[in-house]
Amino acid sequence: MTSENTPPKMKRTPFYEGSSSKEAALFHEDITRDLQPWTAPKDSVTKILKEWKETGEPLIREAFKKRDKEKARPLMVNYTARYIQAMIWAKGEPVTDLIHIERDIGNLQYAPVNIEERLSFVINTPAHHHAFITLSQLFDESKKKWAVYFLKSGK
């Protein structure tokens, strides 16, 4: 996938800042519609949660512990993207608009309290330790809300 193929609504900083291959990998499934993981919402969300707990959270925690913001930032951007995917995929749809993502996620019935402000903070300050704390809290709170949502919705 090239930057020319990225829809304008998906070109948002920090997820899209040019045309690097790493940036192209973010939201790849949503843009190309190749794998369509949102068709199995519970499995996809579970996979993202596992990825966060086993890889993302420990790596980011270690980077911030060493005060290595340069290492932490791309990890934060990646796992913020994964969080957004989990939130949208849970309802069985792909991510189609990053420009208004805070509002879109805020309208979900399983959204954590104050998600719009909190997610905006994480998106806009990925190299800050407090953004990591906020993202960790969002994952933890959402895990519980997703469980209830999947139980009630039968997805």
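Values in this text are rule-based calculations from the coordinates and carry no lab data. Computed from a predicted structure; not experimentally measured. We place every Cβ from the backbone using ideal geometry, glycine too, and count neighbours over all the protein chains shown.
Key figures
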item: Checking K47 against (1) within 18 Å of F27 (Cβ to Cβ); (2) touching a residue at least 60 places away in the same chain (Cβ under 8 Å), the condition it does not meet; result: (2)
item: Some residue of segment 72-91 being over 13 Å from the mean Cα position of the chain (by Cα) and within 19 Å of I123 (Cα to Cα); result: yes
item: Filter result (without any contact (Cβ under 8 Å) to a residue 24 or more places away in the chain and of a type in the set (K, R)) within segment 113-155; result: R118, K144, K152
item: Cβ pairs under 7 Å, 6+ apart, first in segment 63-84 and in contact (Cβ under 8 Å) with a residue 12 or more places away in the chain and small (G, A, S), second buried (at least 20 other Cβ atoms within 10 Å of the Cβ) and not in a helix (DSSP H, G or I); result: A81/F15; A81/L26; A81/F27
item: Selected residue (only one of E29, E62, E54 is closer than 29 Å to K152 by Cα, surrounded by fewer than 14 Cβ atoms within 10 Å (Cβ to Cβ) and of a type in the set (D, E, K, R)); result: E54
